[in-house]
Amino acid sequence: MGAPASLEDQVLEVGRDLAAALPSAARRPLRALDDRAMDLATQDAELRAALFRFVDVVPACRGVDDLARHLTSFLGEVGDHPPPIAAAMRVSGTKAGRAALGTAAAAGVRHMAHRFIVGETPERAAKVITGLWDRGIATSVDLLGEATVTRAEADAYAARCAAALDALHRVHAPLPARSALEQDGLGPIARVNLSVKVSALTPLLKPEAPELGKRDAATRLRDLLRRARDQGAHLHVDMESLDSREAVTDLVLELLAEPEFAEGPSAGVVLQAYLRDSPDLARRLVRFAGETQRAHPLLVRLVKGAYWDHEVVEARQHGWSEPVFTVKAQSDANFEALTRLLLEARAAGTPLRPAIASHNLRSVAHAVACSRALGLDDQDLELQVLRGLGDDLQDALATRGLRVRTYCPVGDLVAGMAYLVRRLLEGTSNESFLHERASGVPLDELLAPPA
């Protein structure tokens, strides 16, 4: 799975150039403080678990005193208290102290949530979306919300998505033209890009009865596809846990193959590299893109995957083989193999748009180098990052003239809590590129092939 030496030389060159373009911490003092707080959580597993349990209960707390009691209760289970935590524990003994601590804790959680969630509604996210566009960065908006349990909830989520398409159209319409974000070798690229979850479009998506969930979700997803087509928007369907992957993939590809969607909209799906069988799905998506007559290329967003813990626990509970790579380097190597597979399909003329989503500088540099080695123009590759985790990288990519899209969640804190915890877990993982970079690991070591 190793790359030829000449490609490795190009990976190093691209990686060093992007690293040189990363903004310095001195330009973002508040972000540097956030990073130090996350680094503190990374160093102590007990503290990390206590803080995440607290974040999870924040929306259910009834006031600042309740917040303070929960926070000190969770922190009380931690063995050694770092100085900031010890100070918090000391002031929690009085009513006034708990009020101050609860207020500070609530503000801290809101601050951290706003790092990852750009607004409660698309309208309130307009300033962020416009600001990114002005800096040469496109966006994909995700309406926060996990699985629904009733048809009324699914209807409400679909209505929110429809309203979001309208709102995002109004936000993007007056923005100035940016050819790097709106055109590649296969044609125009939609300005408005909305990500949706099938599990939120139906309460019936169950692994034991996939057809029932598909039929129920199809009605709502079909309406959203029509709306996106009529507005010239891109509709992207996110992927979640493995037990729904097959049903979601079948549903999306079946709908996109229907004659009424031959002329649009632009649409896409997600490929999760941490799954051992992901190359099979990648080849299926390439075949679909090549064999299905559509006016818009299929966009495939390649990610590492965000449900690793869920998949491992689920498999172990049932005595199944783990469906995910359990060694990070194996997942990273598969990510690079899938990057090459998608780019080779594109270079061979398949109407497919690879979108490589990663905060790992090595993975990103490999994608850029591989694309160039295959003779593709930089415009033919899209790179994607998550708001809050990939902010520095997005600016570096835009500075170097590469097309970058930032995934921007929208919603309130309650709806976004599960998302926020996943991002915090990713940001504080001992194995993450961001953590290794902050820990001072040499650049060339970070750019080495996964092994």
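Taking label points 7 Å from Cα along the Cα-to-Cβ direction, Asp134 and Glu263 give a separation of 3.7 nm. Relative contact order, whole percent, for the chain stands at 21, derived from Cα pairs under 8 Å and 6 or more residues apart. Each of Val368, Thr148, Gln379 was placed along the dipole of the chain (beta-carbon charges, centred on the mean Cα), and the one lying farthest toward the positive end is Thr148.
With the whole protein complex present, His318 retains an accessible surface near 100 Å², based on a 1.4 Å probe.
For the chain, the solvent-accessible area with a 1.4 angstrom probe is 43 square angstrom per residue.
Potential lengthening of the chain between Asp277 and His111 amounts to 55.9 nm, from the contour at 0.36 nm per residue minus the alpha-carbon distance.
Were the residues from Asp66 through Arg90 laid out at 0.36 nm apart, the gain over their Cα-Cα distance would be 7.0 nm. Helix 64-75 and the long axis of the chain differ in direction by around 90°, with both axes built from C-alpha atoms. Shown in residue order for segment 320-327 are the 3J(HN,Hα) couplings computed by the Karplus curve 6.51 cos²θ - 1.76 cosθ + 1.60 at θ = phi - 60°: 8, 5, 5, x, 10, 5, 9, 10 Hz (x for Gly and Pro).
Each Lys and Arg Cβ is given +1 and each Asp and Glu Cβ -1; about its Cα centre, the chain then shows a dipole of about 1100 debye. The stretch between Asp223 and Lys206, if pulled fully straight at 0.36 nm per residue, gains 3.9 nm over its current Cα-Cα span. Accessible surface of Glu77, taken over heavy atoms with a 1.4 Å probe and every protein chain present, rounds to 110 Å².
With respect to the chain, whose longest principal axis is taken over its alpha-carbon atoms, helix 210-231 is tilted by about 80°. In segment 204-276, taking the dipole from charged Cβ atoms about the Cα centre, the farthest positive-side position among Ala273, Leu205, His234 is held by His234.
Taking 25 Å as the straight-line reach from the Cα of Lys206, the lysines in range (excluding those fewer than 8 positions away in the same chain) are Lys197, Lys214, Lys304. Each Cα pair under 8 Å and six or more residues apart adds its separation to the average, and for segment 362-415 the resulting relative contact order is 31 percent. Per-residue surface analysis assigns Asp444 an accessible area of about 80 Å², computed on protein heavy atoms at 1.4 Å probe radius. For the set Arg69, Arg294, the ranking by accessible area, highest first and with no ligand, DNA or RNA atoms included, is Arg69, Arg294 under a 1.4 Å probe.
When only the heavy atoms of the protein chains count and the probe is 1.4 Å, how do Phe288, Phe335 rank by accessible area, highest first?
Phe288, Phe335
Accessible area ranking (1.4 Å probe, heavy atoms, ligands and nucleic acids excluded), largest first, for Glu291, Glu322: Glu291, Glu322. Of the options Val303, Leu341, Ser321, report the single residue whose Cα projects farthest towards the positive end of the charge dipole of segment 284-407 (beta-carbon charges: Lys, Arg +1; Asp, Glu -1). Farthest towards the positive pole: Leu341.
The values are calculated or read from the model by the stated rules, or taken from the named source; none is laboratory data. None of these values were measured; they are calculated from a predicted model. Quick reminder, even Gly has a Cβ in these numbers, built from the backbone with ideal geometry, and neighbours come from all protein chains shown. With ligands, DNA and RNA removed, areas are computed over all heavy atoms of the protein, side chains included. Shrake-Rupley method; radii C 1.70, N 1.55, O 1.52, S 1.80 Å.
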